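*Asks:* Before I ask anything, here is the structure I am working with.
What follows is calculated from the coordinates using simple rules that are stated; it is not laboratory data. In this text the structure is predicted, and so the values were computed from the model without any measurement. Methodologically, a virtual Cβ is constructed for each residue, glycine included, from the backbone with ideal geometry; neighbour enumeration extends over all protein chains shown.
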Amino acid sequence: MAYFKEIVTKAVIGKGKRVTTSTHLIKPQNKPDTVLGCWIINHSFNGKSINNDVYVDGKYDVNVWYSYDSDSKTDVCSDTFTYSDKMNVPIVSNTNLTTSKEIIVNSLSDPNVVDVSIKDGNITFTVRKELGVEIVGDTKVRVNVSDDFDDYQEIYDEVNENILKDIDESINENYIKEENTNQE
């Protein structure tokens, strides 16, 4: 008689990704003439669940290298920026996000600066990033189970000891020596 059993296991129950852009402003000590470089370092983030919604909170440092004083001098200004992005993560039906769920966040595309401009002595820049989220939680897998041992009897048939003895006796241990003698 066959029937089903349910196995409870951890699995990915929701998956999603999102590309975001955000514009920031940084005020350098000196009035900039030209932006020579702009880069992002120290990106860190983590996921959390609030009222069945998934959010990714993170931060990164931005360094802007610029020239000033009629492009005769350079300086670097830095600042830390934070963000909280709401993620659209489709989840398997009949599942609620609880504290027992694990939210895994990956940076699919590191934050990078896609546009920089100078306006009124401030440097404005746009940052683009892509984050991926996986939600791991408990789920059930149904397995077809048979309690009828006869279904599997052919797998466990006993090996006839006489057959094994016949095979051992039929092996010619001098086969290689005899073949080499016949070839000469």
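*Asks:* Please state which one of P90, P32, P28, P111 is under 30 Å from T139 (Cβ atoms) and touching a residue at least 12 places away in the same chain (Cβ under 8 Å). Even if it seems obvious, please write down each step before you answer.
*Replies:* Values: P32 fails: under 30 Å from T139 (Cβ atoms); P28 fails: under 30 Å from T139 (Cβ atoms); P111 fails: under 30 Å from T139 (Cβ atoms).
Just one listed residue meets the conditions, P90.
*Asks:* I need the full set of residues from segment 1-16 which are assigned to a strand (DSSP E or B) and over 12 Å from I104 (Cβ atoms), in order please. Working first, answer last.
*Replies:* Filtering segment 1-16 for residues assigned to a strand (DSSP E or B) gives 2-16.
A2, Y3, F4, K5, E6, I7, V8, T9, A11 - these are the residues of segment 1-16 that are assigned to a strand (DSSP E or B) and over 12 Å from I104 (Cβ atoms).
*Asks:* Here's a follow-up. For segment 31-54, give me each residue that is of a type in the set (G, A, S) and surrounded by 12 or more Cβ atoms within 10 Å (Cβ to Cβ).
*Replies:* Let us first name the residues in segment 31-54 that are of a type in the set (G, A, S), namely 37, 44, 47, 49.
Correct list: G37, G47, S49.
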